Every structure is written in C-alpha cells, then in structure tokens.
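For reference, the structure is listed below as structure tokens.
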Amino acid sequence: MNTNLSRLNSCTWFSVQTKTLASQLLLNLQIQQGVQLASLLGVNTILYNDEAVYVWVQRLLDDGLIVDDYALSTLETAFIDLVIAHTDQVA
C-alpha cells in the first residue's frame with residue numbers, strides 16, 4: 001500500500017466510518033497498489049488505488065449509504081460490479 005495511507009487516515013475530512021470501511025474493503029478485496037482504480041471509481045486520477053478507495057467510500061457515505069451490518073458487503077458488491085462492468089466494456 002501507499003505510504004501516504006497514514007496521511008490519508010489522519011485527514012479530517014474522512015469520517016471514522018469511511019476509514020473503517022475503506023480499510024476493510026482494501027483488505028478483503030486484496031486491492032493492490034497502483035493507479036488504475038481512480039478512473040474506474042470516478043475520482044481524481046492522480047490518486048493511488050488506496051487513496052481512490054477512501055475517496056470513493058466517503059462519497060458513497062456522503063450520498064446516503066447507510067452504515068449498518070451490511071455496509072461493507074454493499075461496498076464490496078458495488079466495487080465488484082464496477083470492475084465487471086469495466087471488464088465487459090474492454091472485452
């Protein structure tokens with residue numbers, strides 16, 4: 001993971017829920033470092049994959065994603081759906 005992750009975790013505009021969910025999402029899906037995910041997630045393309053996930057999760061929470069027992073599963077499904085849709089477009 002990017003060494004900037006500690007900087008992101010301390011960033012005040014990421015909510016506690018975002019930090020928790022994004023970290024778990026990165027771990028569960030074994031998201032590797034790189035720069036490919038930013039455009040897929042619709043965030044600024046200068047962001048590394050882990051940074052892009054944090055911003056994406058924060059946006060979803062800001063847009064009304066309910067933080068409950070199913071939030072992580074919802075995020076995982078949404079992420080995988082984006083990857084599948086992108087893969088289908090490329091193929």
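The values are calculated or read from the model by the stated rules, or taken from the named source; none is laboratory data. This is a predicted model, so every value here is computed, not measured. Counting neighbours? That spans all protein chains shown, and the Cβs are built from the backbone with ideal geometry, glycine included. Surface areas here come from the heavy atoms of the whole protein model, side chains and all, with no ligands, DNA or RNA. Shrake-Rupley method; radii C 1.70, N 1.55, O 1.52, S 1.80 Å.
Checked against (1) modelled with pLDDT under 95; (2) open to solvent by less than 40 Å² (accessible area, probe 1.4 Å), Q36 passes all but condition (2). From the residues in region 39-74 that are polar (S, T, N, Q) and assigned to a loop (DSSP other than H, G, I, E, B), which one is surrounded by the most Cβ atoms within 10 Å (Cβ to Cβ)? The residue in question is T45. For T77, are the conditions met, namely being buried (at least 20 other Cβ atoms within 10 Å of the Cβ) and either in contact (Cβ under 8 Å) with a residue 12 or more places away in the chain or part of a helix (DSSP H, G or I) (or both)? When the stated conditions are applied, T77 does not pass them.
Does V83 satisfy the criteria of being touching a residue at least 24 places away in the same chain (Cβ under 8 Å), among the hydrophobic types (A, V, I, L, M, F, W, C) and more than 20 Å from S15 (Cβ to Cβ)? Taking the combined requirement at face value, the residue satisfies it. On the given criteria, is I31 of a type outside the set (G, A, S), open to solvent by 30 Å² or more (accessible area, probe 1.4 Å), in a loop (DSSP other than H, G, I, E, B) and touching a helix residue (DSSP H, G or I) at 6+ places or on another chain (Cβ under 8 Å)? Considered against the rule, which asks whether it is of a type outside the set (G, A, S), open to solvent by 30 Å² or more (accessible area, probe 1.4 Å), in a loop (DSSP other than H, G, I, E, B) and touching a helix residue (DSSP H, G or I) at 6+ places or on another chain (Cβ under 8 Å), I31 comes out as no.
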